[in-house]
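Peer 1: This is the structure I have questions about; it appears just below.
The values are calculated or read from the model by the stated rules, or taken from the named source; none is laboratory data. From a predicted model like this one, the values you see are computed outputs, not experimental measurements. Cβ: placed from backbone, ideal geometry, glycine included. Neighbour counts: every protein chain shown.
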Amino acid sequence: MKIAFLFFLVLLLSASCKKENVTEPDLTTAYELWRSKNIHNYSVDQIRSCFCPDAGKTVRITVQSDTIFSVINISDNTLLSNPYYFSVDSLFGLINKSMNDSLVIEYNADFGYPEFLDINPQLHPVDGGVLYETFNLQIR
């Protein structure tokens, strides 16, 4: 069991090292594109992947006036009160705050929002990271 865990840990760490070589797009340009669209009411689907509760579930986040109104588990339509899902503006906030973290980001070409945000903490790599996949933007 210990050998399997060590193998998994080495595999996980080596995978995260490979992703660090990806060039990050310009955050300012992506954020400016997002803000230029003047979108304040929308819904997006999001998956959070990590070693944490509710990981891997696809949720629909509804945002009204730039504030999260609801987070619904798509598989069973249950309302979630989990604070670990984020609006587009909050994803940009996570990117801005992560000074010592390794980030891999892919932005949506049409709207500028982060479609793929992989955060790998450099100060506490044992804690693992988190990956947010955000897609299916619906403007309301």
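Peer 1: Restricting to the stretch 49-94, what's the tally of residues that are among the small types (Gly, Ala, Ser) and either more than 16 Å from the chain's Cα centre (by Cα) or modelled with pLDDT under 90 (or both)?
Peer 2: If we filter the stretch 49-94 for residues that are among the small types (Gly, Ala, Ser), which is where we start, we get 49, 55-56, 65, 70, 75, 81, 87, 90, 93.
Pick out the ones that are also either more than 16 Å from the chain's Cα centre (by Cα) or modelled with pLDDT under 90 (or both) and you get 55, 65, 70, 75, 81.
Looking only at that region, the number is 5.
Peer 1: Within the stretch 88-140, how many residues turn out to be part of a helix (DSSP H, G or I), surrounded by fewer than 16 Cβ atoms within 10 Å (Cβ to Cβ) and either of a type in the set (A, V, I, L, M) or in contact with a Lys or Arg (Cβ under 7 Å, 6 or more places away or on another chain) (or both)?
Peer 2: Number satisfying all stated conditions: 1.
Peer 1: Exactly one of these conditions fails for residue 31: (1) surrounded by fewer than 18 Cβ atoms within 10 Å (Cβ to Cβ); (2) not in a strand (DSSP E or B). Give me its number.
Peer 2: Condition not satisfied by residue 31: (1).
Peer 1: Pairs, please: C-beta under 6 Å, at least 6 apart or cross-chain, first residue farther than 11 Å from residue 47 by Cα and in the stretch 115-140, second of a type in the set (Gly, Ala, Ser) and modelled with pLDDT of 90 or more?
Peer 2: 138/43
Peer 1: Within the stretch 71-87, can you find the residues that are in a loop (DSSP other than H, G, I, E, B), crowded, with 17+ Cβ neighbours inside 10 Å and not hydroxyl-bearing (Ser, Thr, Tyr)?
Peer 2: Here is the first cut: in the stretch 71-87, the ones in a loop (DSSP other than H, G, I, E, B) are 74-77, 80-87.
Narrowing further to those that are crowded, with 17+ Cβ neighbours inside 10 Å: 85-87.
The one that is in a loop (DSSP other than H, G, I, E, B), crowded, with 17+ Cβ neighbours inside 10 Å and not hydroxyl-bearing (Ser, Thr, Tyr): 86.
Peer 1: Looking only at the stretch 56-64, decide whether some residue is of a type in the set (A, V, I, L, M, F, W, C) and in contact with a Ser or Thr (Cβ under 8 Å, 6 or more places away or on another chain).
Peer 2: If we filter the stretch 56-64 for residues that are of a type in the set (A, V, I, L, M, F, W, C), which is where we start, we get 59, 61, 63.
Checking the rest, the ones that are also in contact with a Ser or Thr (Cβ under 8 Å, 6 or more places away or on another chain) come to 61, 63.
Within the stretch 56-64 (the criterion being of a type in the set (A, V, I, L, M, F, W, C) and in contact with a Ser or Thr (Cβ under 8 Å, 6 or more places away or on another chain)), the answer is yes, since at least one residue qualifies.
Peer 1: Here's something else I'd like to know. Out of curiosity, is residue 18 within 18 Å of residue 116 (Cβ to Cβ) and modelled with pLDDT under 95?
Peer 2: Details: within 18 Å of residue 116 (Cβ to Cβ): yes; modelled with pLDDT under 95: yes.
Spelling it out, residue 18 is indeed within 18 Å of residue 116 (Cβ to Cβ) and modelled with pLDDT under 95.
Peer 1: Could you grab me the full set of residues in the stretch 40-70 that are part of a loop (DSSP other than H, G, I, E, B) and crowded, with 16+ Cβ neighbours inside 10 Å? Steps first, answer last, please.
Peer 2: Start the filter on the stretch 40-70 by keeping residues that are part of a loop (DSSP other than H, G, I, E, B), which leaves 40-41, 50-57, 65-66.
Across the stretch 40-70, the qualifying residues are 50, 57.
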